[in-house]
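The values are calculated or read from the model by the stated rules, or taken from the named source; none is laboratory data. The structure displayed is predicted, hence computed values, not measured ones. Heads up, the Cβs are rebuilt from the backbone with ideal geometry, glycines too, and the neighbour counts pull from every protein chain shown.
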Ligand code: ADP
């Protein structure tokens, strides 16, 4: 996949094949293209070359989305529906309760009856340990709690792939653990996940594969154990030593 901004190639031929139930952790220096990669996967950015496949099915490719202009929004929405995205900065709806934040998309996008969506939302809030905050608005929740609501909201769409963009980097240190714990539980549940994070504890215990981005390409990838103890590239060694 290639993505350029104003002629500058930010992703310069990134190719990744993720198996169902696989957990991939992406690391790399600031500006190496990690966020852009996730945004392309979720169609928040269009791509300039290449294609995107999820579970072997094509979900994004340059010509496909450009072909019929009037179909674009619908085509993009349909493809995005199967991919959950958890942002660095939560992005909850401030005027809605935690429960409604989780229930709103299934009602509006999938047409799930309201009562059923609220019941599911309650179950999801329970799963992330926040049933007791169901009626709270985001502003009265801690950062860690807001991020857990954001995870529940993404799960409510029953995505086949979950993307996390530095989900703990906007949190106070004491709140990182509760979010990492929830993410580890999702791994146990068998979700397919691509996680951009510098939480090496999570990578070590939960990732099947660690991928090192550098200047818009995958510099190297392998098991967390391999990259952390015996990387092929000096840059990987230096980078992982710095963040661990
Ligand atoms: P990372 O997540 O690894 O820090 P990013 O994907 O955010 O890297 O950014 C990669 C490069 O793309 C950076 O040089 C950044 O400035 C540039 N970039 C990202 N988004 C845009 C944009 N919308 N317009 C122009 N340049 C962008």
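Mind checking which residues of segment 76-91 are in contact with a helix residue (DSSP H, G or I) (Cβ under 6 Å, 6 or more places away or on another chain) and more than 15 Å from residue 157 (Cα to Cα)? Spell out the reasoning first.
Step one: filter segment 76-91 for residues in contact with a helix residue (DSSP H, G or I) (Cβ under 6 Å, 6 or more places away or on another chain), giving 84, 86, 90.
Scanning segment 76-91 gives a single hit, 90.
Looking at residue 163, is it surrounded by fewer than 16 Cβ atoms within 10 Å (Cβ to Cβ) and either in a loop (DSSP other than H, G, I, E, B) or within 16 Å of the ligand (Cβ to nearest atom) (or both)? Steps first, please.
Working: surrounded by fewer than 16 Cβ atoms within 10 Å (Cβ to Cβ): no; either in a loop (DSSP other than H, G, I, E, B) or within 16 Å of the ligand (Cβ to nearest atom) (or both): yes.
Here the answer is no, as residue 163 does not meet what is asked.
Name, by its number, the condition in (1) modelled with pLDDT of 85 or more; (2) surrounded by 15 or more Cβ atoms within 10 Å (Cβ to Cβ); (3) more than 17 Å from the chain's Cα centre (by Cα) that does not hold for residue 65.
(1)
With the condition kept exactly as written, say whether any residue in segment 96-117 is closer than 24 Å to residue 28 by Cβ and out of contact with any strand residue (DSSP E or B) (no Cβ under 6 Å at 6 or more places or on another chain). Working first, answer last.
We begin by selecting, within segment 96-117, every residue closer than 24 Å to residue 28 by Cβ; these are none.
No: segment 96-117 contains no residue that is closer than 24 Å to residue 28 by Cβ and out of contact with any strand residue (DSSP E or B) (no Cβ under 6 Å at 6 or more places or on another chain).
Sort out which residues of segment 6-22 are near the ligand (Cβ under 9 Å from one of its atoms) and modelled with pLDDT of 90 or more, and write them in order of number.
Looking only at segment 6-22, we keep the residues that are near the ligand (Cβ under 9 Å from one of its atoms), and these are 6, 8, 10-11.
Matches in segment 6-22: 8, 10, 11.
Select from segment 206-231 the residues that are within 26 Å of residue 89 (Cβ to Cβ) and in contact with a helix residue (DSSP H, G or I) (Cβ under 7 Å, 6 or more places away or on another chain) and list them in ascending order.
Within segment 206-231, 206, 207, 210, 212, 213, 214 qualify.
Take the residues in segment 227-244 that are in a helix (DSSP H, G or I) and touching a strand residue (DSSP E or B) at 6+ places or on another chain (Cβ under 8 Å); name whichever of them is surrounded by the most Cβ atoms within 10 Å (Cβ to Cβ).
In the first step, residues of segment 227-244 are kept if they are in a helix (DSSP H, G or I); the result is 227-229, 234-243.
Narrowing the set further to residues that are touching a strand residue (DSSP E or B) at 6+ places or on another chain (Cβ under 8 Å) leaves 227-228, 235-236, 239-240, 243.
On the way: 227: 26, 228: 18, 235: 16, 236: 23, 239: 22, 240: 20, 243: 12.
The qualifying residue surrounded by the most Cβ atoms within 10 Å (Cβ to Cβ) is 227.
Output the residue which, of all residues in segment 193-207 that are surrounded by fewer than 19 Cβ atoms within 10 Å (Cβ to Cβ) and touching a residue at least 24 places away in the same chain (Cβ under 8 Å), is nearest to the chain's Cα centre (by Cα). Write out each step before concluding.
Keep residues of segment 193-207 that are surrounded by fewer than 19 Cβ atoms within 10 Å (Cβ to Cβ), which gives 198, 200-201, 204-205.
Add one more test, that the residue is touching a residue at least 24 places away in the same chain (Cβ under 8 Å), and what stays is 198, 200, 204.
On the way: 198: 14, 200: 16, 204: 18 Å.
Restricting to residues being surrounded by fewer than 19 Cβ atoms within 10 Å (Cβ to Cβ) and touching a residue at least 24 places away in the same chain (Cβ under 8 Å), the top hit is 198.
Taking residue 25, is it in a loop (DSSP other than H, G, I, E, B), within 16 Å of the ligand (Cβ to nearest atom), modelled with pLDDT of 85 or more and surrounded by 14 or more Cβ atoms within 10 Å (Cβ to Cβ)? Full working, then the answer.
On the way: in a loop (DSSP other than H, G, I, E, B): no; within 16 Å of the ligand (Cβ to nearest atom): yes; modelled with pLDDT of 85 or more: yes; surrounded by 14 or more Cβ atoms within 10 Å (Cβ to Cβ): yes.
It is false that residue 25 is in a loop (DSSP other than H, G, I, E, B), within 16 Å of the ligand (Cβ to nearest atom), modelled with pLDDT of 85 or more and surrounded by 14 or more Cβ atoms within 10 Å (Cβ to Cβ).
Output the residues belonging to segment 1-15 that are part of a strand (DSSP E or B) and out of contact with any strand residue (DSSP E or B) (no Cβ under 7 Å at 6 or more places or on another chain).
Taking segment 1-15 as the starting set, the residues that turn out to be part of a strand (DSSP E or B) are 2-5, 8-12.
5, 8 - these are the residues of segment 1-15 that are part of a strand (DSSP E or B) and out of contact with any strand residue (DSSP E or B) (no Cβ under 7 Å at 6 or more places or on another chain).
Scan segment 203-220 and give yes if some residue there is more than 30 Å from residue 4 (Cα to Cα) and in contact with a strand residue (DSSP E or B) (Cβ under 7 Å, 6 or more places away or on another chain), otherwise no.
Just the residues of segment 203-220 that are more than 30 Å from residue 4 (Cα to Cα), to begin with: 204-206.
Narrowing further to those that are in contact with a strand residue (DSSP E or B) (Cβ under 7 Å, 6 or more places away or on another chain): 206.
Scanning segment 203-220 turns up at least one residue that is more than 30 Å from residue 4 (Cα to Cα) and in contact with a strand residue (DSSP E or B) (Cβ under 7 Å, 6 or more places away or on another chain).
Only residues in segment 147-168 that are without any contact (Cβ under 8 Å) to a residue 40 or more places away in the chain count as the first member; pair them with residues that are buried (at least 21 other Cβ atoms within 10 Å of the Cβ) and part of a loop (DSSP other than H, G, I, E, B), Cβ under 9 angstrom, at least 6 apart or cross-chain, and list the lot.
148/128; 148/130; 168/197; 168/199
Being in contact (Cβ under 8 Å) with a residue 24 or more places away in the chain and part of a strand (DSSP E or B) is the requirement here; does residue 18 meet it?
Details: in contact (Cβ under 8 Å) with a residue 24 or more places away in the chain: yes; part of a strand (DSSP E or B): no.
No; evaluated as a whole, the condition is false for this residue.
Can you tell me which residue is nearest to the ligand (Cβ to nearest atom) among those in segment 28-52 that are assigned to a strand (DSSP E or B) and surrounded by fewer than 16 Cβ atoms within 10 Å (Cβ to Cβ)? Walk me through how you get there before you give the answer.
Step one: list which residues in segment 28-52 are assigned to a strand (DSSP E or B), which gives 49, 51-52.
Still in the list and also surrounded by fewer than 16 Cβ atoms within 10 Å (Cβ to Cβ): 49, 51.
Working: 49: 16, 51: 19 Å.
Residue satisfying both the conditions and the ranking: 49.
Exactly one of (1) in a helix (DSSP H, G or I); (2) touching a residue at least 12 places away in the same chain (Cβ under 8 Å) is unmet by residue 115. Its number?
Of everything listed in (1) in a helix (DSSP H, G or I); (2) touching a residue at least 12 places away in the same chain (Cβ under 8 Å), residue 115 misses just condition (2).
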